[in-house]
1. In sequence order, what are the phi-derived ³J(HN,Hα) couplings for the stretch 243-249 according to the Karplus relation 6.51 cos²θ - 1.76 cosθ + 1.60 with θ = phi - 60°, rounded to whole Hz, with x for glycine and proline?
2. Anything over 30 Å Cα to Cα? Flag those among LYS35/LYS129; LYS121/LYS147; LYS147/LYS213; LYS35/LYS179; LYS82/LYS156; LYS35/LYS213, in the order listed.
3. Calculate the spin-label point distance for ASP37 paired with THR209, positioning each point 7 Å from the Cα along the beta-carbon direction, and give it in nanometres.
4. Please give the Cα centre distance for the stretch 62-98 versus the stretch 104-148, rounded to the nearest Å.
5. Pulled fully out, how much extra length does the chain show between SER138 and SER157, if you take 0.36 nm times their separation in residues and subtract their Cα-Cα distance?
6. Over 26 Å apart: what share of the alpha carbon pairs of the stretch 17-274 falls there, rounded to a whole percent?
Amino acid sequence: MRSARGFPARIGALLLPGALLMVLPRSAVATAEEKPDATRAGLERLSQRRVFFGHQSVGGNILEGVHALLPAPDALSVVEVKDPAATIPAGTLAHAFVGQNEQPETKLAHFERLLDGGLAKQVDVALVKFCYIDFTSSTDAKALFEKYRATLAGLKSRHPGVTFVHVTAPLTTVQRGAKAWFNELRGRPVFGVGENVSREAFNALMRRTYDGKEPLFDLAALESSQADGSRETYEVNGRAYPAMVPAYSDDGGHLNAQGRTRVASALVTFLASLPEPQREAPASAKAQP
């Protein structure tokens with residue numbers, strides 16, 4: 001998708017690489033700030049919980065960030081699981097690389113198989129995250145969201161003892177400067193522009209459906225927000241869309257040390273803030289007077 005900027009704006013983009021981006025005020029978005037005390041308290045609370053996280057590479061970045069936050073190696077066990085019948089003790093952040101990149105439906109199917117295969121009996125909280133590469137400028141965000149919604153609704157119905165957390169799709173930076181200007185001039189796609197539009201369409205449906213109703217971790221809002229709350233955006237046809245803050249990534253998509261710390265801290269605090277799981281008592285316990 002091409003921006004509807006005029007020639008003067010293109011010249012400005014060539015001379016001033018940051019001119020394509022705007023910064024919105026702090027009030028435009030609410031994101032979790034990094035609070036060391038809250039992170040430490042969150043890690044302590046997670047030591048009593050069992051969490052399962054389905055992801056690919058950006059999820060791996062987030063887990064690297066969690067590792068870096070641990071005050072001691074045994075403060076929280078971060079382990080990869082492949083067998084859905086595996087035993088998951090309290091204090092475990094279990095994870096799996098689910099599905100194939102660029103095929104988001106396979107991630108949902110794999111996540112579903114693992115939980116239905118026995119993992120749901122072993123965990124208190126479960127979440128699955130798409131990757132930025134799962135979205136192109138032509139992605140049907142509504143159709144993908146409907147597939148996601150139906151999958152999660154089915155899992156929630158079959159496994160009422162598990163708290164399912166929804167996660168918005170991650171963003172990328174937007175290409176800027178001379179290269180972006182030349183690509184646009186030649187009718188070539190500018191990295192991040194059309195793809196982030198699709199991601200935002202999906203994320204808007206996530207927020208509209210789940211925000212305030214079910215747990216929603218807004219990864220995209222964290223990635224597109226500075227520490228002071230101001231947002232990184234760009235404009236397409238007069239409308240502002242969020243993009244990843246360049247300081248959070250070295251390659252435009254994966255999280256670097258700063259990005260990992262920001263997102264991991266927020267995720268730990270978020271997961272720790274969830275209500276205590278309400279597991280159904282075993283039949284033998286119910287039978288006792």
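1. Values per residue, Gly and Pro as x: 9, 5, 5, x, 5, 8, 8 Hz.
2. Result: LYS35/LYS179 exceed 30 Å.
3. Distance between the two pseudo-spin positions: 3.8 nm.
4. If you average the Cα positions of each part, the centres end up 19 Å apart.
5. 3.7 nm
6. 39
Since every read-out is calculated from the coordinates, none of them should be taken as a lab result. Bear in mind the structure is a predicted one, so any value in this text is a computation, not a measurement. As a convention, Cβ positions derive from the backbone with ideal geometry for all residues, glycine included, and neighbour counts pool all protein chains shown.
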